[in-house]
1. Relative contact order, percent, of the chain when contacts are C-alpha pairs under 8 Å separated by at least 6 residues?
2. Go through the range 17-59 and name the trypsin sites (Lys or Arg not before Pro) that are in a DSSP coil and have 15 or fewer other Cβ atoms within 10 Å of their Cβ.
3. Quick one: net charge of Ala96's neighbours, Cβ under 14 Å, K/R +1, D/E -1?
4. If you roll a 1.4 Å probe over the chain with all protein chains in place, what percent of the accessible area is carbon or sulfur?
5. What residues have an amide H closer than 5 Å to that of Leu185, excluding those fewer than 5 places away on the same chain, when H is modeled at 1.01 Å from N in the peptide plane?
6. How much mean residue ellipticity at 222 nm does the chain get from its helices, if each DSSP H run of length 4 or more adds -39500 (n - 2.57) and you divide by all residues, to the nearest 500 deg cm²/dmol?
7. Given a 1.4 Å probe, how much area per residue of the range 1-148 is accessible, in Å²?
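The values are calculated or read from the model by the stated rules, or taken from the named source; none is laboratory data. What you see is a predicted model, and the numbers here were worked out from it, not measured in a lab. Virtual Cβ from ideal backbone geometry, glycine too; neighbours counted across all protein chains shown. Heads up: the accessible areas ignore ligands, DNA and RNA and are worked out on the full protein's heavy atoms, side chains in. Shrake-Rupley method; radii C 1.70, N 1.55, O 1.52, S 1.80 Å.
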Amino acid sequence: MKLVYAFDAYCGWSHGFSGTLSEIVSRHPEIPVEVVSGGLFTGSRRVPISQFGYVQGANAQIAELTGAEFGGAYEDLIADGSFVMDSEVAAHGVAALREAAPARAAELAIALQRAFYVDGLSLSDPATYRKVAETAGLDADAVVAAFEGPGARDAAGVDFHRAASLGVTGFPTLLAVDGDRVTDLARGHATADEVDQRLATLRTP
């Protein structure tokens, strides 16, 4: 069995799920985690953030429910309103980080969301991936090269298809996958204890 975490790097609810994901990974080091990017802001949804009028209200709700932090630099982006979230390019970055350290994919996804939601860094900027890689002790040059290369673009497309094939319709979604059996562990929000309870039912003979 493995866990599949389908998220979008520009999804506030995914950022809010970071604490739960981190705790589950810590509790279950024996279960591999596959991280899959979604395509929340692609195509016609790649517009200035000011066009999403619900963002500040949603963030307040996420912070209250999950304790997630939204930093001042990120709040400045919201206030300015001109920033464009591009989930496809962010998925390139997720793929580049994942390639550098597959076993740390969940940790790196969390770090990438923190770079945006706390530090206000663009997930379209190679410098962001350099910073995340350096902080994680990875080869930053290799990560940036992968981010800018064709392989990351291909991997993003594979991720979007993978999420759709698993029936993911929103982010975040945490699944347990065992052969052909796919079980929902969380959609949107859940505590680590709630996820653990669902995991336990899968392990009961």
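1. Values: 330 pairs, mean separation 61.9, N = 205.
Averaging sequence separation for qualifying contacts and normalising by length gives 30 percent for the chain.
2. Details: sites: Arg27, Arg45, Arg46; in loops: Arg46.
For trypsin sites (Lys or Arg not before Pro) across the range 17-59 that sit outside H, G, I, E and B with at most 15 neighbouring Cβ atoms in 10 Å, the list reads Arg46.
3. Working: positive: Arg98, Arg104, Arg130, Lys131, Arg153; negative: Glu88, Glu99, Asp125, Glu134, Asp139, Asp141, Glu148, Asp154, Asp159.
So the environment of Ala96 carries a net charge of -4.
4. Values: 4800 of 9330 Å².
In the chain, the share of accessible area belonging to carbon and sulfur is 51 percent.
5. When sequence neighbours closer than 5 places are left aside, the close amide H contacts are Leu174, Leu175, Ala176.
6. Values: 10 runs with 110 residues, N = 205.
Computed ellipticity for the chain at 222 nm equals -16000 deg cm²/dmol.
7. About 42 Å² of surface per residue is accessible.
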